[in-house]
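Before any comments, here is the structure.
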Amino acid sequence: MDNLDIGTGTKVYFRISLFNGAMAIDVTQTTISLFAVSILLIILGIVCGRGLTKRPGKKQVLVEKGVSALYNLVETTMGKHNAKYAPYIGTLFLSSLFGSLIGLTKIFRSTTADLMVVLGWAFVTTALCWYEGIRNNGFFKWLKGFAEPIVFILPINIISEVAQPIAMAFRHFGNIAGGGVLMSIVYAALAALSTMVFKGLPATIASVMPPVFQIGIPAVLSLYFDLFSSLIQAFVFSLLTMVYISTNNPPPAPGSRVVKQAEKKAKRKAEKEAAKAARTAKAAETAPV
C-alpha cells in the first residue's frame, strides 16, 4: 500500500523531492502513460508532416483530408471565427483516444481512467471559456453576467460554472473506468465458468485445459468497451469543449467590444504602414542621384 496513491488509485513508482523535501512530485503509472502518449503523438505528427509536396501522395492526401475534416467540424460547430481552436480540439481528441487505447497494451495504464487527467483537460476548457467571456465583455461585465437576469440566481450561476468541468470529467472518466471494470468482471466470470465446466474431469486433464470461455467472447466485448467506446468518449468530450467555448465566443456583432478592438488594431496598422511608406518616399526623394 506504500506504493499506491490513494487519491488516484495508481501505482507510484518513485517521488521527486523539491525544495529540501518541502514539495514532492509523484511519478505514477498515469505519468508514464501520459509521457508515452505524448511521445507517440509527437512521432505521429513528425511522420505525417514530413515530405509534404505540391503533388501529394497517398499519405499526404489522407493527412490533408483528416485536417480538413477537423477544421470543417470546428467551423460548423463553433463558427469560422473560432477556427483557431481546431489544433486544440484535435489535440484533445487524439490525447483522449490514444490515452484510452494505450491501456490495451497491458503495459501502460489508460490515462483517461485517471480522474485527475480528464479533470485537468476540463479545467483548461473552462479557463478558455472564461478567457473568451472576459475578452468579449470585459472583466467587470463578465462578472456582472453571473447576477443576470436577477441577482438571486448568482449562487446558481456560480455553482453551474464550477459544475461544468467536474461534470465533463466525471462523465468521461466514468465511462472509461466503468468499461475497464466491467471487462475485468467478465474475464473473472468466464474463468470461473471454465473452472466449473471442467471440474468433473480428472485432475490431470482439468489442470491442462485452457479457460476456453475466455477465448473469443472477451474479444467481441472489447470491440465495444475498449475501441468503440474510446472513440465515442473522445468525440463527445471534444464536442462538449467546442460547444462550451463557442457559447462564450459567439460571432462578433457590429459595435461589440471585439469588433471595436479589431477596428482600432487595423487603424493603427494602417497608420504605421502609411508612415513607413511616407518615410520610404521621403528617403527616395532626398537620396543623391
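Where a number appears in this text, it was derived from the coordinates with a stated rule and is not lab data. Small disclaimer: the values here were computed from a predicted structure and weren't measured. Note that each Cβ is placed from the backbone with ideal geometry, even for glycine, and that neighbours are counted across all protein chains shown.
Listed values, structure above:
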read-out	value
Calculated diffusion of the range 138-183, Stokes-Einstein form, Kirkwood radius summed over Cα pairs, 4 °C and 1.567 mPa s, µm²/s	102 µm²/s
Three-way shape call for the range 88-150 based on the alpha-carbon gyration tensor, with the a/c threshold at 1.5	prolate
Inter-probe distance in nm under a simple model that places probes 7 Å from Cα toward Cβ, at LYS106 and LYS267	6.8 nm
Cα convex hull of the range 30-116, projected area averaged across orientations, nm²	7.1 nm²
Label-to-label distance, nm, for residues given as SER68 and ILE25 (7 Å Cα→Cβ offset)	4.2 nm
Centroid-to-centroid separation of the range 104-162 and the range 55-97 [C-alpha atoms, Å]	24 Å
Extension gain (nm, one decimal) between LYS11 and PHE152, 0.36 nm per residue minus Cα-Cα	46.2 nm
Added length on full extension, which subtracts the Cα-Cα distance from 0.36 nm per residue, TYR224 to VAL181	14.1 nm
